[in-house]
Amino acid sequence: VLAVPVLFKQALENTETEEGKSVSLRCELTKADATVVWKKGEATLQASAKYEMKQKGTVAELVIHNTEPEDA
């Protein structure tokens, strides 16, 4: 049985926010509940007070709280 690859149905879009605010980044996948890993460069982001990861069905979301210029 061939596994169907998970693809992006809707890719991430550039989003702007003000420093100190929260921003939400979302993408939609072709398969529900697929494993999503959020990265910044080579570093894998972990859930924390700053990074909140959510996933419901095919939509994965990363919320970055208290944004700083380094979050670009």
Under 5 Å, built H, 5+ apart or other chain: amide partners of W38: L45
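Give me the net charge for the shell around G20: Cβ to Cβ below 15 angstrom, other residues only, Lys and Arg +1, Asp and Glu -1.
Numbers: positive: K21, K50; negative: E16, E18, E19, E68, E70, D71.
Around G20, the surrounding residues sum to -4.
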3J(HN,Hα) from dihedral phi, segment 32-37, Karplus parametrisation 6.51/-1.76/1.60, rounded to Hz, x for glycine, proline: 5, 6, 5, 6, 10, 10
Environment charge at K50 (Cβ cut-off 10 Å; Lys +1, Arg +1, Asp -1, Glu -1): -3
Nonlocal amide H pairs with T58, under 5 Å, H built at 1.01 Å: D33
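Quote the Stokes-Einstein diffusion coefficient, in whole µm² s⁻¹, for the chain, based on the Kirkwood radius over alpha carbon pairs, a temperature of 37 °C and a viscosity of 0.692 mPa s. Write out the running numbers ahead of the final one.
On the way: Rh = 13.3 Å.
Once the numbers are plugged in, D ends up at 247 µm²/s.
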Neighbour net charge for T67 - beta-carbon separation under 13 angstrom, K R +1, D E -1: -4
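The numbers here are math on the coordinates, done by the rules we state, and not lab data. The model shown is predicted, which means the values in this text are computed figures rather than measured ones. Cβ: placed from backbone, ideal geometry, glycine included. Neighbour counts: every protein chain shown.
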